[in-house]
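Step one of this worksheet: look at the structure below.
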């Protein structure tokens, strides 16, 4: 019996030592992955949760380059669109309590949203199928900069001026930040509390996420916060962010706190098993079909309330990334493997998905199937499209154009034989010809412009589109 006991102890010690050796080996691989970050660069904080406990927390690089403050597990990051799953969860909590229905028309709570045909329901906002034009798409077209002070009030006002949707609600998918700002406003109006206060009381305090808050006042002081940076001409410069709006973005948190959030999906403290099952199901279109958002490396990616569901190399993965200013953030969960990966960066050049998947593969190396081989054909080198002459008479396109929906105007003018759009708050925007009366350019985001003529062949205005606002009308003065 004594010999058997010694053997069992020996085997247990061997297993523990081998497991520790594996963990130490992975940590060295992660150290190597982020070896380029140091006291002179921004960086990244990472955390790994396995089987209900935190097995790794590390920081690389610097949270504030002006004061040489290093990144740690307690560094507070703005996590951009990773915020959306928290907003969706707040809505699910209220639905569970019977305080709203997913089928409710959004105008029941926010009547200033214009009636634009068929009703826009809460479920459409959660699924990015509302057809509402995106807030950043609209504001940049209206001459706003992304580093302006932007409040929820500003966003609600510009949404209230819209006269068209991008498409009929529930029929298509188009990523829309406006929808999650509206969801946060619904929470405020249903509960009588600010969105930040409600989420603090209903989510963050029960989970003991003590360094987490929705940041709805850009002047508020936050201890241990990181600032974001971008490399330009060999030097880092600040990427300022002055948002005073929450819901689509603006959650401030740490890797340490996000671990607690990830663990709530396995052992719920906030919500219950039934709620989490519904929360993790793919969203659907009006016809009941699951909402296919994208296809990556041959994998179908489905939308699920601020999360993306993907069958990655044989494993179910729930994930989402975020990008505002120079903040680049990522949270992925592999529920069957009881594994979560969190990376929060203040470096504009940080590769969100690539690094997140690399770290995941360190831990799932023996469980993942071979990668899908997708044939991505590209044009042969040296081939160029022939220069086309669209016979545009630029002089006919000159003039002042006003949009009632954006309450702003542009002046179209010619400089050195090229058409420009000029706005009082922006640098002049050069346009490239893409067709008859059609042009492309960039107003923070790529835009397409089409000038419209009447039956007398006179230019009456133009329609402009970007990633999230289609066919916004500008009338010629």
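I'd like to check something: does the range 85-106 contain any residue that is surrounded by 12 or more Cβ atoms within 10 Å (Cβ to Cβ), under 21 Å from residue 360 (Cα atoms) and at pLDDT 95 or above? Within the range 85-106, one or more residues are surrounded by 12 or more Cβ atoms within 10 Å (Cβ to Cβ), under 21 Å from residue 360 (Cα atoms) and at pLDDT 95 or above. Among the residues here, residue 108 qualifies as free of Cβ contacts under 8 Å to residues at least 40 places away in the same chain and under 25 Å from residue 216 (Cα atoms). Whether any residue in the range 155-166 is out of contact with any strand residue (DSSP E or B) (no Cβ under 9 Å at 6 or more places or on another chain), more than 28 Å from residue 98 (Cα to Cα), part of a loop (DSSP other than H, G, I, E, B) and free of Cβ contacts under 8 Å to residues at least 60 places away in the same chain is what I want to check. Yes, there is a match, as at least one residue in the range 155-166 is out of contact with any strand residue (DSSP E or B) (no Cβ under 9 Å at 6 or more places or on another chain), more than 28 Å from residue 98 (Cα to Cα), part of a loop (DSSP other than H, G, I, E, B) and free of Cβ contacts under 8 Å to residues at least 60 places away in the same chain. Where strands (runs of 3 or more DSSP E) fall wholly inside the range 276-367, the ranges with 2 or more residues that are closer than 23 Å to residue 28 by Cβ and without any contact (Cβ under 8 Å) to a residue 40 or more places away in the chain are 327-334. Mind checking whether some residue in the range 415-423 is surrounded by 12 or more Cβ atoms within 10 Å (Cβ to Cβ), farther than 23 Å from residue 458 by Cβ and either outside the structural domain of residue 466 (by TED's automatic domain parsing) or modelled with pLDDT of 95 or more (or both)? Scanning the range 415-423 turns up at least one residue that is surrounded by 12 or more Cβ atoms within 10 Å (Cβ to Cβ), farther than 23 Å from residue 458 by Cβ and either outside the structural domain of residue 466 (by TED's automatic domain parsing) or modelled with pLDDT of 95 or more (or both).
Residues are listed down the side, and each one gets a yes or a no for (1) modelled with pLDDT of 95 or more; (2) farther than 20 Å from residue 322 by Cα; (3) in a helix (DSSP H, G or I); (4) outside the structural domain of residue 330 (by TED's automatic domain parsing):
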site: 203; (1), (2), (3), (4): yes, yes, yes, no
site: 210; (1), (2), (3), (4): yes, yes, no, no
site: 216; (1), (2), (3), (4): yes, no, no, no
site: 219; (1), (2), (3), (4): yes, yes, no, no
site: 227; (1), (2), (3), (4): yes, no, no, no
site: 236; (1), (2), (3), (4): yes, yes, no, no
site: 246; (1), (2), (3), (4): yes, no, no, no
site: 249; (1), (2), (3), (4): yes, no, no, no
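The values are calculated or read from the model by the stated rules, or taken from the named source; none is laboratory data. Every value quoted in this text rests on a predicted model; they were computed, and no experiment measured them. For neighbour counting, all protein chains shown are included, and Cβ atoms are generated from backbone atoms with ideal geometry for every residue, glycine included.
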